[in-house]
Amino acid sequence: MKIAFHFNADHKSFGSYYGEEIENLVFSNLLQCDDLNISSKIFVGDLLLNSLAKYKGKFDESKYKENFDSWLNQNDNIWKCMIVERLQPVKINACSVYVMCFESIDFYLADKISKLLTECSEAYLGVMQIDETSELHWVLYSHFLVPKYRIMDHKANIFWDSIHGDESKNYFSIQRFEKIGFEKVEFEDLKGRYSIFDEYHDFEHAKRTAKWKQQCGGLLAFMIDDVTYRLGDIAPKLSDQLYSMLNTYNTAETDENLSQVCVTCRRIFEYVINQIFPPQKEKNKDGKSLGEQQFRNRLYEYADISRKSDTNIDVICINTQTLFEQCKKLDTLVNKGIHQEVYRVETRRCIIRTIMLLDDIISLKEGAFAHNMVVDEKLLKSILGDEE
């Protein structure tokens with residue numbers, strides 16, 4: 001999601017050039033995160049609410065108050081954690097607000113950084129998710145702010161624009177970022193992006209992008225709901241396993257933690273197959289074993305029996321093979337000691353492929369999967385009051 005961190009730029013803890021001080025503060029806290037996983041452009045600048053309250057060069061106080069309320073309460077569905085008691089100077093236009101806007105960052109990391117900033121800086125005002133279906137938010141966080149950096153875990157790129165020549169390169173920023181603790185710092189040419197030459201840098205394009213992401217998120221959420229509830233009757237432990245998988249991924253700090261996510265992905269697949277097609281002593285018509293360890297054979301056999309379509313079966317076979325190859329790849333990576341940033345990305349793909357494979361499985365059956373609940377007769381008699 002796109003979020004912005006806000007600071008009272010006039011706070012006594014900052015010097016006359018507050019921008020660098022605030023950036024250093026945010027980046028140093030960012031690099032404290034052991035489980036750092038981020039790839040994002042960063043836009044910076046002042047929150048120019050007062051500029052939007054001017055009419056014919058005159059400041060309109062009532063318009064400013066209206067803009068402030070609209071900015072702060074734009075959308076009840078967006079995530080924000082603003083420190084209300086620190087916003088009073090902003091509400092009466094008595095201080096400048098400096099913004100660092102991350103184009104793409106997950107909730108867990110944004111929340112973690114926000115908590116660190118709250119503890120270490122009295123100038124910190126809070127964090128807000130940006131709603132680019134709102135023209136006010138787009139103007140404040142896209143039109144008014146300047147693209148400055150790209151962060152990729154412990155690496156950073158400093159933006160420059162070849163349209164303006166080499167003089168737009170800020171060599172001092174290279175040294176500053178290295179001092180903060182980034183492992184590698186380079187220049188990146190924007191080539192006119194976000195300038196007047198960029199035909200895609202406008203509110204309409206931003207709104208379509210934001211709506212597409214919302215709709216896509218809804219589509220993925222529906223798929224996960226469908227998987228959970230369609231398989232819930234026959235595989236009641238699935239929800240707990242999915243929760244464990246995602247929770248371990250989000251809190252992982254070592255390769256071993258991420259490796260456990262991969263193990264859980266395989267266990268989820270094996271558990272579901274055991275429920276829909278338990279091990280068989282007999283072989284299938286092609287002579288392939290359907291025993292306890294032949295999970296893929298049993299899935300293919302179930303698909304063949306269901307026989308929705310040959311295309312459907314082919315897709316499932318491909319996706320199953322892909323998931324197993326992904327698990328094998330992760331084992332190879334951890335044994336080679338590959339950097340955790342790479343391992344985390346591959347683990348995320350493993351999670352996504354597991355969910356998609358479960359979606360493939362439920363496509364094999366039109367109705368509900370048969371219940372697979374075994375009731376303890378002694379317990380049942382006890383509940384019904386019939387125990388001898």
- Message: Looking at the stretch 1-10 only, could you name the residues that are assigned to a loop (DSSP other than H, G, I, E, B) and either without any contact (Cβ under 8 Å) to a residue 40 or more places away in the chain or under 32 Å from the mean Cα position of the chain (by Cα) (or both)?
- Response: 1, 2, 9
- Item | Meets criteria (part of a loop (DSSP other than H, G, I, E, B) and either in contact with an Asp or Glu (Cβ under 7 Å, 6 or more places away or on another chain) or of a type in the set (Asp, Glu) (or both)) for residue 198 | yes
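Inside the stretch 187-231, can you point out the residues that are aliphatic (A, V, I, L, M), under 30 Å from residue 261 (Cα atoms) and surrounded by 15 or more Cβ atoms within 10 Å (Cβ to Cβ)?
Of all residues in the stretch 187-231, those aliphatic (A, V, I, L, M) come to 190, 196, 206, 210, 219-221, 223-224, 227, 231.
After this cut, where a residue has to be under 30 Å from residue 261 (Cα atoms) as well, the list is 219-221, 223-224, 227, 231.
Selection gives 223, 227, 231.
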- Report whether or not residue 234 is closer than 30 Å to residue 108 by Cα and either surrounded by 18 or more Cβ atoms within 10 Å (Cβ to Cβ) or out of contact with any Pro (no Cβ under 8 Å at 6 or more places or on another chain) (or both). no
- Message: Here are the criteria: (1) surrounded by 14 or more Cβ atoms within 10 Å (Cβ to Cβ); (2) in a loop (DSSP other than H, G, I, E, B); (3) not polar (S, T, N, Q). Tell me which single one residue 287 does not satisfy.
- Response: (1)
- Just one of the numbered conditions (1) closer than 29 Å to residue 346 by Cα; (2) part of a loop (DSSP other than H, G, I, E, B); (3) without any contact (Cβ under 8 Å) to a residue 60 or more places away in the chain is not true of residue 253; which one? (3)
- Only one of (1) under 20 Å from the mean Cα position of the chain (by Cα); (2) crowded, with 18+ Cβ neighbours inside 10 Å does not apply to residue 86, and that is (1)
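Out of the residues in the stretch 159-180 meeting the condition of being under 18 Å from residue 30 (Cβ atoms) and not basic (Lys, Arg), tell me which one is surrounded by the fewest Cβ atoms within 10 Å (Cβ to Cβ). Lay out the reasoning, then the answer.
The initial filter retains those residues of the stretch 159-180 that are under 18 Å from residue 30 (Cβ atoms), namely 159, 173-174, 176-180.
Subset that is not basic (Lys, Arg): 159, 173-174, 177-178, 180.
Numbers: 159: 22, 173: 19, 174: 16, 177: 23, 178: 13, 180: 17.
Ranking the qualifying residues of the stretch 159-180, first place goes to 178.
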- Query: Which members of the stretch 25-60 meet the condition of being among the acidic types (Asp, Glu) and at pLDDT below 90?
  - Reply: 34, 35, 60
- Query: In the stretch 42-71, what count of residues is obtained for those that are without any contact (Cβ under 8 Å) to a residue 40 or more places away in the chain, outside any loop (DSSP other than H, G, I, E, B) and of a type outside the set (Gly, Ala, Ser)?
  - Reply: 11
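A quick yes/no check of all residues on (1) outside the structural domain of residue 106 (by TED's automatic domain parsing); (2) closer than 25 Å to residue 33 by Cβ; (3) modelled with pLDDT of 70 or more; (4) outside any helix (DSSP H, G or I):
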| position | (1), (2), (3), (4) |
| --- | --- |
| 240 | yes, no, yes, no |
| 272 | yes, no, yes, no |
| 282 | yes, no, yes, yes |
| 304 | yes, no, yes, no |
| 315 | yes, no, no, no |
| 320 | yes, no, no, no |
| 342 | yes, yes, no, no |
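Against the definition (more than 18 Å from residue 10 (Cα to Cα) and either part of a loop (DSSP other than H, G, I, E, B) or touching a Cys at 6+ places or on another chain (Cβ under 6 Å) (or both)), how does residue 93 come out, yes or no?
Numbers: more than 18 Å from residue 10 (Cα to Cα): no; either part of a loop (DSSP other than H, G, I, E, B) or touching a Cys at 6+ places or on another chain (Cβ under 6 Å) (or both): yes.
So residue 93 does not fit the description; no.
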- outside the structural domain of residue 28 (by TED's automatic domain parsing), farther than 24 Å from residue 106 by Cα, of a type outside the set (Lys, Arg) and touching a helix residue (DSSP H, G or I) at 6+ places or on another chain (Cβ under 6 Å) - does that describe any residue in the stretch 204-222? no
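The values are calculated or read from the model by the stated rules, or taken from the named source; none is laboratory data. Bear in mind the structure is a predicted one, so any value in this text is a computation, not a measurement. We place every Cβ from the backbone using ideal geometry, glycine too, and count neighbours over all the protein chains shown.
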